[in-house]
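A.B. asks: I have a structure here, written as structure tokens, and I will follow up with some questions on it.
The values are calculated or read from the model by the stated rules, or taken from the named source; none is laboratory data. As the structure is a prediction and not an experimental result, all values here were calculated from the model. Glycine gets a Cβ as well: all are built from the backbone with ideal geometry, and neighbour counts include every protein chain shown. Accessible surface is based on the protein model in full, side chains and every heavy atom, while ligands, DNA and RNA are left aside. Shrake-Rupley method; radii C 1.70, N 1.55, O 1.52, S 1.80 Å.
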Amino acid sequence: MKQYLIPAALVLLALVSCDRTRNQKGYEYFPDMAHSLAYETYTANTVFANGITDQLPVAGTIPRGIIPFQYPATPEGRLQAGKDLVCPTEPTAANLLKGKELFTRFCNGCHGADGSGKGHLFTSGKFAIQPASLINERMTLAPIGEVYHVITMGFNTMGAHGPQIRPDDRWLISLYVKNELQKKTNQ
């Protein structure tokens, strides 16, 4: 009889320890690894004064690897960026090809494949205001830093694309506009 008592006790202990409910967790090996004690994102939190778990970053926090753009979204900021900014990328064939690909992806819908401002959104009537021409005389004379600023911060009815396009890719698009689109119209 004693030989069955120990295995029966172990089976009974196993069945009792595996009973997991909200009120009774049972016995677990390292329960804090299986069931996190951390607050869930959208739950109430008594640690913070406002009671919210998902807090905003501290004012002035900059994400790692991101350098804040130093020029404001004003005409003066655009002109100053045109004077100060120098393109860190060389206009090689590979860079211009990548710039064309990025232009096609991000800019073609509004500005058109030729940069005339007659892209699909305007010609289809879905956008009432014609986007700016990138091949007119004013844009041809504008320095590459202004093109970069407009892509980053937006201008007039064009929204800022800085959050959507990485800085290196913005430079490639600017190179493509200055070295390919505008050169084709000046020939």
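A.B. asks: Just to verify a result, which residue in region 67-81, among those that are surrounded by fewer than 10 Cβ atoms within 10 Å (Cβ to Cβ) and assigned to a loop (DSSP other than H, G, I, E, B), is modelled with the highest pLDDT? Show your work before the answer.
C.D. replies: Going residue by residue through region 67-81, those that are surrounded by fewer than 10 Cβ atoms within 10 Å (Cβ to Cβ) are 67-68, 76.
Narrowing the set further to residues that are assigned to a loop (DSSP other than H, G, I, E, B) leaves 67-68.
Working: 67: 79, 68: 84.
Once the filter is applied, the top-ranked residue is 68.
A.B. asks: Just checking, how many residues over region 32-58 are acidic (Asp, Glu), open to solvent by less than 100 Å² (accessible area, probe 1.4 Å) and in a loop (DSSP other than H, G, I, E, B)?
C.D. replies: Residues meeting the conditions: 1.
A.B. asks: Has region 94-107 got any residue that is aromatic (Phe, Trp, Tyr) and not in a helix (DSSP H, G or I)?
C.D. replies: Going through region 94-107, the residues aromatic (Phe, Trp, Tyr) turn out to be 103, 106.
Now drop any that are not not in a helix (DSSP H, G or I), which leaves none.
So far as region 94-107 goes, no, none of its residues is aromatic (Phe, Trp, Tyr) and not in a helix (DSSP H, G or I).
A.B. asks: State whether the residues of region 160-175 include one that is in a loop (DSSP other than H, G, I, E, B), open to solvent by 40 Å² or more (accessible area, probe 1.4 Å), among the hydrophobic types (A, V, I, L, M, F, W, C) and touching a helix residue (DSSP H, G or I) at 6+ places or on another chain (Cβ under 8 Å).
C.D. replies: Yes, region 160-175 contains a residue that is in a loop (DSSP other than H, G, I, E, B), open to solvent by 40 Å² or more (accessible area, probe 1.4 Å), among the hydrophobic types (A, V, I, L, M, F, W, C) and touching a helix residue (DSSP H, G or I) at 6+ places or on another chain (Cβ under 8 Å).
A.B. asks: So, one more: With respect to the numbered conditions (1) open to solvent by less than 50 Å² (accessible area, probe 1.4 Å); (2) in contact (Cβ under 8 Å) with a residue 40 or more places away in the chain; (3) hydrophobic (A, V, I, L, M, F, W, C), which one is the sole condition not fulfilled by residue 147?
C.D. replies: (2)
A.B. asks: Now for a different question. With the checklist (1) open to solvent by less than 70 Å² (accessible area, probe 1.4 Å); (2) touching a residue at least 24 places away in the same chain (Cβ under 8 Å) in hand, flag the one item residue 84 doesn't pass.
C.D. replies: With (1) open to solvent by less than 70 Å² (accessible area, probe 1.4 Å); (2) touching a residue at least 24 places away in the same chain (Cβ under 8 Å) applied to residue 84, the lone miss is (1).
A.B. asks: Could you list, in sequence order, all residues of region 5-25 that are modelled with pLDDT under 80 and over 21 Å from residue 35 (Cα atoms)?
C.D. replies: Within region 5-25, 12, 13 meet the criteria.
A.B. asks: Also, quick follow-up: Of all residues in region 99-141, which are open to solvent by 80 Å² or more (accessible area, probe 1.4 Å) and under 15 Å from residue 172 (Cα atoms)?
C.D. replies: Within region 99-141, 100, 101, 105 meet the criteria.
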